[in-house]
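Bear in mind these aren't lab numbers, they're just calculated from the coordinates by the rules spelled out. Remember, it's a predicted structure, so these values are computed and weren't measured experimentally. Every residue, glycine as well, gets a Cβ built from its backbone with ideal geometry; the counts of neighbours run over all protein chains shown.
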Amino acid sequence: MSRMVKCVILGSEAEGLDYAPYPGELGQRIWENVSKEAWQRWLAHQTMLINEYRLTPIEPDARKFLEAEMEKFFFGGGSAAPQEFVPPQN
């Protein structure tokens, strides 16, 4: 049986992550409060941030920025896209 969490993004019970996806306290909070579906939403948002800001995730400043955005995405007011970002048209 899957582990269920009250997801902070979905606002309802959903299947939880199998393990903490990030180290430290933030990773533990995510594991306890974020569903698999919400984590996938973050990964898509993170990819957009990396592409739009042309980040190199191996660089310490880029990692700090992405960690701060992750915190905002899940537990703050949300992580916004850059003003110039235009979502792809399907």
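Brief remarks on what is shown
- Mean-square fluctuations from a GNM of the chain, with a 10 angstrom spring cutoff on Cα atoms, peak among Glu13, Glu69, Glu25 at Glu25.
- Principal-axis tilt of helix 60-75 within the chain, Cα atoms, nearest 10 degrees: 50 degrees
- For Pro82, net neighbour charge (Lys/Arg +1, Asp/Glu -1) across residues whose Cβ lies under 15 Å away: -1
- Mean Cα-pair separation over length for the chain, i.e. relative contact order, pairs under 8 Å, 6 or more apart, %: 22 percent
- Per-residue ellipticity at 222 nm from helix content only, as computed over the chain with -39500 (n - 2.57) for each DSSP H run of at least four residues, stands at -15500 deg cm²/dmol.
- Global form of segment 4-75, assessed from the alpha-carbon gyration tensor, a/c cut-off 1.5: prolate
- Only Lys, Arg (+1) and Asp, Glu (-1) charged, at Cβ; the chain dipole about Cα centre in debye: 80 debye
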